[in-house]
Amino acid sequence: MSRVQFEALVSEALDEVPGELFELIDNCVVLVEDEPPEDDPDLLGLYVGTPLTERDSYYVMALPDRITIFRNPVLEMCESREQVVDEVRITVVHEIAHHFGIDDDRLHELGYA
């Protein structure tokens, strides 16, 4: 799957986030990279930033939080386009949940880890 096609899937996954939740996302960008960090080659997505639950009055003029979806590990683990679509959706939701302050244990309970 080409990078353009993969980026379109990420965009579609973002479009599926309910509007009332999407409106709460603050100062956050979503990026696609081909490869994850060398020290974690199987990583599908990564959230870097300050979760909404940890922000206070000192959170001003901050660089945007970043959600990165890693294309090649997703493609390597999936055997069909349908699996890629599902995994991208799950990974996008997982990383957005981190932005909202939801940890991996809770995401696992909800089926997003």
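The values are calculated or read from the model by the stated rules, or taken from the named source; none is laboratory data. Since the structure is predicted, the reported quantities are computational estimates derived from the model, not experimental observations. Positions of Cβ are generated from backbone atoms using ideal geometry, with glycine treated the same way; all protein chains shown enter the neighbour counts. In case anyone asks, the SASA skips ligands and DNA or RNA and just uses the protein heavy atoms, side chains included. Shrake-Rupley method; radii C 1.70, N 1.55, O 1.52, S 1.80 Å.
To the nearest 10 degrees, how steeply does helix 81-99 sit against the main Cα axis of the chain, on a 0 to 90 scale? Relative to the chain, helix 81-99 is tipped by roughly 10 degrees.
Rg over Rh for region 42-106 works out to 1.08, using Cα positions for both radii and the Kirkwood form for Rh.
Per residue, the chain exposes an accessible area of 64 Å² to a 1.4 Å probe, with every protein chain left in place. For the chain, the longest principal axis of the alpha carbon atoms and the long axis of helix 3-15 meet at an angle near 50°. Taking chymotrypsin sites (Phe, Trp or Tyr not before Pro) in DSSP loop states with no more than 16 other Cβ atoms inside 10 Å as exposed sites, the chain has its longest site-free stretch at 1-57.
Orientation-averaged projection of the chain equals 7.6 nm² [convex hull of Cα atoms, one quarter of hull surface area].
Give the relative contact order (percent, whole number) for the chain; include only Cα pairs under 8 Å separated by 6+ residues. Intermediate values should be presented prior to the final figure.
Working: 132 pairs, mean separation 35.6, N = 113.
This gives 31 percent for the chain.
Probe radius 1.4 Å, ligands and nucleic acids ignored: give me the carbon and sulfur share of the accessible area of the chain as a rounded percent. Intermediate results must be reported in sequence, preceding the final value.
Values: 3680 of 7200 Å².
In the chain, the share of accessible area belonging to carbon and sulfur is 51 percent.
Neighbours of VAL32 by Cβ distance under 13 Å: Lys/Arg scored +1, Asp/Glu scored -1, total -3.
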